[in-house]
Each structure stands twice: as C-alpha cells, then as structure tokens.
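A quick write-up on the structure given underneath.
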Amino acid sequence: QVQLAESGGGLVQAGESLTLSCAASGRFRINTAGWYRQAPGQQRELVASITRGGVTTYQDSVKGRFTISRDNAKITVYLQMNSLKPEDTAVYYCNDVYNPLSWGRGTQVTVSS
C-alpha cells in the first residue's frame, strides 16, 4: 500500500524559513502533487500544487513566499516556505490532487510572532 510521509515541520519565529518534504513509498507515480494545510478548527486547504511537468499554482496567501518543487525520480515533493507568518501555523500534508491517496500524518508547522 502506498504511504505518504511528510517531514520538516517545526517551531519557528515569524520571518524564518522551513522546507517540508513528502516522500511516497511504493511503486507508483503522482501526477499533480499538492501541499495542503489544516489549521485548528479549519478545513484542510490546498496551498500549492505542481504537475509532473513542473507547472505550479499557489494559494494567494502564500504567493511569493512558498515554492513547491518535486523530484520525480525520488517521488518526493518539497515545499520551501520563506517569510513565515503566524497564520501559516497548521499541519501540512501532501497528496495527489486529482487521485488522492490515503492521507499521511502530516507535519506540524508552528510560527510564533
């Protein structure tokens, strides 16, 4: 069974950076990969996505601060997060946007002011 494992979260101060990684086990391919986040009491939302060809989209709130990338050979997706804000605090997940797999545990990102 394919499993997604997110890592790289942590506690940082506003303005600092983090890089998240998402590794997928098993032999399969993710076409359009997405990073999602879920803040306490909020619904999970799509933050950024990237196609196999490298076309990216971003939620307006993270444009210019977050960068999504992928390594197709390693089936790994990254999210570089710069200039972090307290409102970025959430659990971050990755998944296939159009053919979602079982959700991983996510990685907690906490940004203090």
Tell me which residues, restricted to region 46-82, are of a type in the set (D, E, K, R), outside any loop (DSSP other than H, G, I, E, B) and either over 16 Å from residue 6 (Cα atoms) or open to solvent by less than 30 Å² (accessible area, probe 1.4 Å) (or both).
-> 60
Under 6 Å by Cβ, and 6 or more places apart or on different chains, what pairs join a residue from region 70-81 that is in contact (Cβ under 8 Å) with a residue 12 or more places away in the chain and basic (Lys, Arg) with one that is open to solvent by less than 50 Å² (accessible area, probe 1.4 Å) and assigned to a strand (DSSP E or B)?
-> 70/33; 70/50; 70/77
Just checking, how many residues over region 11-29 are exposed (fewer than 13 other Cβ atoms within 10 Å of the Cβ) and of a type outside the set (Phe, Trp, Tyr)?
-> 8
Return the residue satisfying two criteria in turn: it lies in region 1-24 and is aliphatic (A, V, I, L, M) and assigned to a strand (DSSP E or B), and of such residues it is modelled with the lowest pLDDT.
-> 24
If you check residue 27 against the conditions, is it closer than 18 Å to residue 3 by Cβ, modelled with pLDDT of 95 or more and not in a strand (DSSP E or B)?
-> no
How about region 83-95: which of its residues are closer than 18 Å to residue 106 by Cβ, assigned to a loop (DSSP other than H, G, I, E, B) and among the polar types (S, T, N, Q)?
-> 89
Looking only at region 30-45, count how many residues are in a loop (DSSP other than H, G, I, E, B) and either crowded, with 20+ Cβ neighbours inside 10 Å or not hydrophobic (A, V, I, L, M, F, W, C) (or both).
-> 8
Sole exception among (1) touching a strand residue (DSSP E or B) at 6+ places or on another chain (Cβ under 6 Å); (2) of a type in the set (Ser, Thr, Tyr); (3) open to solvent by 50 Å² or more (accessible area, probe 1.4 Å) for residue 98, by number | (1)
Subset of region 1-53 (residues that are small (Gly, Ala, Ser) and over 15 Å from the mean Cα position of the chain (by Cα)) = 14, 15, 25, 26, 41, 53
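The values are calculated or read from the model by the stated rules, or taken from the named source; none is laboratory data. Just so you know, these numbers come straight off a predicted model, no measurement behind them. Note that we place each Cβ from the backbone using ideal geometry, even for glycine, and neighbour counts take in every protein chain shown. The area values use the complete protein model at the heavy-atom level, side chains included, leaving out ligands, DNA and RNA. Shrake-Rupley method; radii C 1.70, N 1.55, O 1.52, S 1.80 Å.
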